[in-house]
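Inspection log for the structure reproduced underneath, given as structure tokens.
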Ligand code: CP
């Protein structure tokens, strides 16, 4: 398949055929990550800027590792180390980076729409690494890839997304992707942490965790996005955990062999019982490993694409 997209803003841009192709490409690159020498010359001479204006451990590091394993040159810029702190605008920062002629810019920013804002102004590829509460397409793709490796196929599967749906770009991108793949999606969380309107969302909504988890093939716990929440949405963390923290006991109600995912970072004992996070049912570290392979696939396809949107 010839990859013709210039930018990755959300998974809604992708067709089912393109998502399948991404899984196969990531699967191919994952083998490299198990070799003693984890480096190939595929992107030698190409460069990618990792522009993270919000904190990140997994996404930033895995894009960096992915680029280096493909022999691309990677350059990192954080908000605190940049002239954004001196008042330079996002647009001027991006144009400055583009003047250094990278092949791609990976951006994370607290403003929803920031990746699209750059994509409309820059000639190089823009890959959205999380924009506000809008989208986190590379997380959804690595989650889908992790489940593809686990399940083989998606039809007939049901997945529960649990927790702070309202502020979660991971939930938004995953609902779109999982629906495209044929997975039935359930949502569960306190009313104050669900979007005000779920009209048009292809999901079933539950308020009781014990009902929501019944018979599902996987549960994706979400981090409480305290930095994006206004005060007063939750009575307190202890009460939230008492009602919505996923435990081994809840998982006895799920389908046999059901798996647990979390995009990280985890608040153990708040969203997921610490002991559950460390069981064989937990795919949390598989998601991290899948993230490197998926981001290798994305960098390869976007940085070697044919010209045109
Ligand atoms: N899942 C995720 O985006 O993690 P980081 O914030 O550590 O990148």
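No value in this document is a laboratory result; all are computed from the given coordinates. Just so it is clear, the structure is predicted and the values come from calculations on it, not from any experiment. Glycine also receives a Cβ, built like all others from the backbone with ideal geometry; neighbour counts cover every protein chain displayed.
Among 264-270, 215-221, how do they line up by average Cβ neighbours within 10 Å per residue, starting with the highest? Mind showing how you got there, number by number?
Values: 264-270: 16.0, 215-221: 22.9.
By packing density, highest mean first, the sequence is 215-221, 264-270.
At 222 nm, what helix-only mean residue ellipticity would the chain give, in deg cm²/dmol to the nearest 500, using -39500 (n - 2.57) for each DSSP H run of four or more?
Calculated mean residue ellipticity at 222 nm is -10500 deg cm²/dmol.
Beyond 33 Å, what share of the Cα-Cα pairs of the chain remains, rounded to the nearest whole percent?
When every Cα pair of the chain is considered, 24 percent fall beyond 33 Å.
For the range 115-186, report the % of Cα-Cα distances exceeding 22 Å.
That fraction is 29 percent.
Between helix 58-69 and the chain, what is the angle of the helix's C-alpha long axis to the longest principal axis, kept within 0 to 90° and rounded to the nearest 10?
Rounded to the nearest ten degrees, it is 40.
Based only on Cα atoms, what mean projected area does the convex hull of the range 263-309 have, in nm²?
Numbers: hull surface 18.4 nm².
Averaged projected area of the range 263-309's Cα convex hull equals 4.6 nm².
Report, largest value first, the span of the C-alpha coordinates of the range 3-45 along each principal axis, in whole Å.
Principal axes ranked by extent give 37, 24, 14 Å for the Cα atoms.
Based on the Kirkwood radius over alpha-carbon pairs, what value in µm²/s does the Stokes-Einstein equation return for the translational diffusion coefficient of the range 185-265 at 4 °C and 1.567 mPa s?
94 µm²/s
Could you rank the peptides 139-151, 49-61, 290-302 by their average count of other C-beta atoms within 10 Å per residue, with the highest value first?
Most protected by this proxy first, the peptides run 290-302, 139-151, 49-61.
Could you pull the Rg and Dmax for the range 137-285, using just the Cα atoms, both in Å?
Gyration radius and largest Cα-Cα distance of the range 137-285: 14.0, 42 Å.
Return the percentage of antiparallel bridges among DSSP beta bridges fully within the chain, rounded to the nearest 5 %.
Working: 1 of 37 bridges.
So the antiparallel bridges in the chain amount to around 5 percent.
Inverting the mean 1/r over all pairs of different Cα atoms, compute the Kirkwood radius of the range 15-173 and quote it in Å.
17.1 Å
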